[in-house]
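Engineer: Before anything else, here's the structure in question.
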Amino acid sequence: MFSRNYKDLVGGLLLIGIGLSWTVYALRKLDIGTFNAMGDGMFPAMIGAVLATFGACEVSSALSRRGAMPQLNVRGAVFVLGGVSAFALLIVPFGMISACAGLVLISSCSLSGARGYQMLTLTAVICILMWVIFVLALGSRVPLAHWPF
Amino acid sequence: MDLFSNAAIGLETALTLHNLTYCFLGVVLGMVVGVIPGIGTLTAISLIFPVTFYMEPTSALIMLAGIWYGTGYGGRTASILLNLPGSVSSAVTCIDGYPMARQGRGGVALFITAVASFVGGTIGILILMFIAPAISSVAIMLGPVEYFSLVVLGLVAGSSIADGSVIKGLAMVSLGVLLGTVGADVQTGHSRYTFGILELYDGISLVVLAMGIFGVAEIIWSLGSARRDTKTPDMDLSWKAMTPNRDDVRRSWKPMLRASGIGSFFGALPGTGVAIAAFVSYAIEKKLSSEPHRFGNGAIEGVTAAEAADNAAEMTAFVPTLALGIPGSATMALMIGVLMIHGIAPGPMLIVDEPDLFWGLIMSFWVGNVILLILNVPLIGIWVRFLAVPYHLLFPAILAFICMGAYTVNNSLVDVWMVVFMGGLGYSMRVFSWPAPPVLLGFVLGPMLEENFRRALMMSGGDWDIFLTSPVSAVFLGFSGLLVGMAVRAAIKDRTGMQGVEQH
């Protein structure tokens, strides 16, 4: 029991899941057609099945191997992805400066020992850099600061 | 000989002060933009090339050549030093390039890529001059059946380079292909897997995919590993540390030459060429090496092979592009765009009607490469120093680049959310030890796989035999099977041994 490779086991199951759901979606929502005249669902359905097969291979080989447990950096994942999400939420209504600030502040929470003063300076530096590169040099039209209300 | 007079015409055009300046400008501009982490080569080129609209076609193309080299170099810098590849070929480079950077040998990696790309490019150009007519006639003979099998070969090669199990690599390629199906189906125009999101009609953007799976995932991973509080790897900044030592040179020169040859071959095949070239060369080097375990851990041969092949392929990609009007790579598609804007139609008559343009362009690519090689030396120091910034300050900056890059490409919020999604996906992939570069390959080649599959079956009336009855196709499929077989055998031998080495 303990000699199974849980990482690959779970991984393999996930792959099966992804593959099957892709195939199922194609079968239900897309036109399959025949081999002679393929519809737009045929190919994804097939590849989904292929992926699921590979997942099954993973599972079967995982059952007979040892392996380390996966290490998860949940805190890092949450705050980094959270930071990018904050950017996505803030940029249109509030402009670039707020979006960058949100990004920097939230993603820095993924590390312990972040100091407030440092964060502020970092935000300022990053905002300036972003402005120079994207607005000045590349000419994108991103509002710097904006108040939607 | 005809060849040399062509080269002479080319050099004459390329080396005028006017054009040289444009080339130089292009290189510098390209480098600055290309190095921004999160901005891929293609994005960088597309951002700059509107500038060329106002110039005459020859100069415009020449500047584009410079830009191309510059952005390629910048992109390589980002992929080696920060594991942020902007294109499929830089994804291959960073497999060994990034570990090298982690070992403090980033400068060496950058240097050798510049040299490898120069050698690859030069050999590509030479082969181009000699074989252009012959290759075109072969390429025309490949039909959908053969193309399908060729793409399968490319995908299998792409998955067998993954240091983990072959199954994982193949699974990741399939995942990439699936991600490539998102968007409007080319033939029917119906949207697939878009879940009602309008912006996904054009599919997931490659740059966004790469930034999420490679960039964001890498950041999350690094934050979790022991080096989070320390600086990114200490790099010896002395001159000596930045140039390759004798061992490196000894290991590199043969892969360089082999890869240039392989790259030249693949580049000439319209459509598939460049993306596959780097992967296949890498896979071959790994198979030929007496120390395959080094690959993925900072093997300089891997970096060299990937770069040389990529550049050789980009050069020979000129053949189908200019001679047949079919772009051999995305860059070539841009070139065709420039030509058409200036009212020049690429096609077989181009070489005859406008030899100045054709050969001048090719020679400027070479000149651009030379300029790059020269500029490379002082600049490595700068990039390497850039990384001495402590990681907890650096990573938010990188995230900001990625976010801004993703948002500004299409002024689309969906792209930024995609980065979040892809970042999560990419990180999960690390957790499960699923290799990332094959996903990129599958994503890029998936549409081609599908289209040719469809056409082939239409031609055969739904009969699958056609893939084996065509001799060329059977050969390609045979090679694929061979690669899989070899890898599976190696994996079985290894079974009680190490659990496939993680990506870093």
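The values are calculated or read from the model by the stated rules, or taken from the named source; none is laboratory data. The structure displayed is predicted, hence computed values, not measured ones. Methodologically, a virtual Cβ is constructed for each residue, glycine included, from the backbone with ideal geometry; neighbour enumeration extends over all protein chains shown. Accessible surface is based on the protein model in full, side chains and every heavy atom, while ligands, DNA and RNA are left aside. Shrake-Rupley method; radii C 1.70, N 1.55, O 1.52, S 1.80 Å.
Engineer: Got at least one residue in segment A:48-57 being modelled with pLDDT under 80 and of a type in the set (S, T, N, Q)?
Structural biologist: no
Engineer: If you scan segment B:461-490, which residues turn out to be touching a residue at least 24 places away in the same chain (Cβ under 8 Å), over 16 Å from B:ALA157 (Cβ atoms) and either open to solvent by 90 Å² or more (accessible area, probe 1.4 Å) or within 14 Å of another protein chain (Cβ to nearest Cβ) (or both)?
Structural biologist: B:ILE466, B:PHE467
Engineer: Would you please list the contacts, defined by Cβ atoms under 6 Å and residues six or more apart or on different chains, that run from a residue in segment B:394-413 that is under 18 Å from B:VAL33 (Cβ atoms) and at the interface with another protein chain (Cβ under 7 Å from one of its Cβ atoms) to a residue that is surrounded by fewer than 24 Cβ atoms within 10 Å (Cβ to Cβ) and aromatic (Phe, Trp, Tyr)?
Structural biologist: Matching pairs, first to second residue: B:MET404/A:PHE134; B:THR408/A:PHE134.
Engineer: Checking the structure you have, find out if any residue of segment A:83-92 is under 30 Å from B:HIS392 (Cα atoms) and polar (S, T, N, Q).
Structural biologist: Yes, segment A:83-92 has at least one match.
Engineer: Moving on. Test B:LEU155 against the criterion of being within 25 Å of A:LEU13 (Cβ to Cβ) and of a type in the set (A, V, I, L, M), and give yes or no.
Structural biologist: yes
Engineer: Filter segment A:103-133 for residues that are of a type in the set (Val, Ile, Thr) and surrounded by fewer than 17 Cβ atoms within 10 Å (Cβ to Cβ); which is modelled with the lowest pLDDT?
Structural biologist: Only one residue tops the list, namely A:VAL132.
Engineer: With the structure loaded, tell me whether A:ASP31 is in contact with a Lys or Arg (Cβ under 9 Å, 6 or more places away or on another chain) and among the acidic types (Asp, Glu) or whether it fails that test.
Structural biologist: no
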